[in-house]
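These notes are about the structure you will find just below.
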Amino acid sequence: MSHDTAADVDESHLRRALALAREAADAGDEPFGSLLVRDGEIVAESCNTIHTDDDVTAHPELKLARWAARELDAGELAETTMYTSTEPCPMCAGAMYHAGLRRVVFSTSAETVGEIAGAGLVMPSSEVFARGAESVETVGPVLESEGRAVHESFW
C-alpha cells in the first residue's frame, strides 16, 4: 500500500522534469524539460531542443502540447498533467490551453528564470490561462531551489 501524497507525486515527476532540463543543457540547449502524466504514468516527455533543432519553438511544453492534442481525446487531455522544470512561457501556455491540458505543475517561476537568464518577456502562465474560458490548474513553484540551481548552473 502506497502512502504517497499528491505533493510527493508532484515532486517525483518534477524531479524527472529537472533531469530532462539538465539533459537539454548537456546537449547545448537551454535547460528546460517537461513530461505528461496520466493515471500516474508518464505518457510522453521532452527536452528543449531549440539549438539542436535550430527551431525557436522547440520548447518541450509546446512539443508535448502538440503531441497530446494529436494523440489524446478530450477526456484524456483533461486528466493529464504537464510537469515542467520551469513555468511555461506565454507561447507554451497558449498551446497547452488550446490542446486541452487542464493542469500544469512547475518548479521554477518565470520571474525567477527571467532574473537569472535576463529574459526580456516574462509573464506568469496564470495570466495567459486566466484569459481562457476553461480553467487550467497551475501549481508552483514546487522544488524551486532545485529548479533554480539548474538555471544558475547554465546561465
**OP:** Inspect all residues belonging to the stretch 93-100 and state whether any of them is open to solvent by less than 20 Å² (accessible area, probe 1.4 Å), in a loop (DSSP other than H, G, I, E, B), touching a helix residue (DSSP H, G or I) at 6+ places or on another chain (Cβ under 8 Å) and not basic (Lys, Arg).
**Re:** yes
Original post:
Does residue 38 meet the test of being among the charged types (D, E, K, R) and surrounded by 14 or more Cβ atoms within 10 Å (Cβ to Cβ)?
Top reply: yes
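Here is a yes/no grid of residues against (1) more than 22 Å from residue 42 (Cβ to Cβ); (2) of a type in the set (A, V, I, L, M); (3) surrounded by 15 or more Cβ atoms within 10 Å (Cβ to Cβ):
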site	(1), (2), (3)
87	no, no, yes
117	yes, yes, yes
124	yes, no, yes
127	yes, no, no
133	yes, yes, no
142	no, yes, yes
Original post:
Considering 69, 65, which residue is surrounded by fewer than 23 Cβ atoms within 10 Å (Cβ to Cβ), modelled with pLDDT of 95 or more and small (Gly, Ala, Ser)?
Top reply: 69
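Does residue 130 fit the bill of being in contact with a Leu (Cβ under 7 Å, 6 or more places away or on another chain), under 23 Å from residue 10 (Cβ atoms) and of a type in the set (Gly, Ala, Ser)?
The answer is no for residue 130.
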Original post:
How many residues are in a helix (DSSP H, G or I) and closer than 11 Å to residue 88 by Cα if we restrict to the stretch 114-124?
Top reply: 0
Original post:
Of the conditions (1) in contact with a Leu (Cβ under 9 Å, 6 or more places away or on another chain); (2) surrounded by fewer than 19 Cβ atoms within 10 Å (Cβ to Cβ), residue 8 fails just one. Which one is it?
Top reply: (1)
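The values are calculated or read from the model by the stated rules, or taken from the named source; none is laboratory data. If you're wondering where the values come from, they're calculated on a predicted model, not measured in any experiment. Quick reminder, even Gly has a Cβ in these numbers, built from the backbone with ideal geometry, and neighbours come from all protein chains shown. The area values use the complete protein model at the heavy-atom level, side chains included, leaving out ligands, DNA and RNA. Shrake-Rupley method; radii C 1.70, N 1.55, O 1.52, S 1.80 Å.
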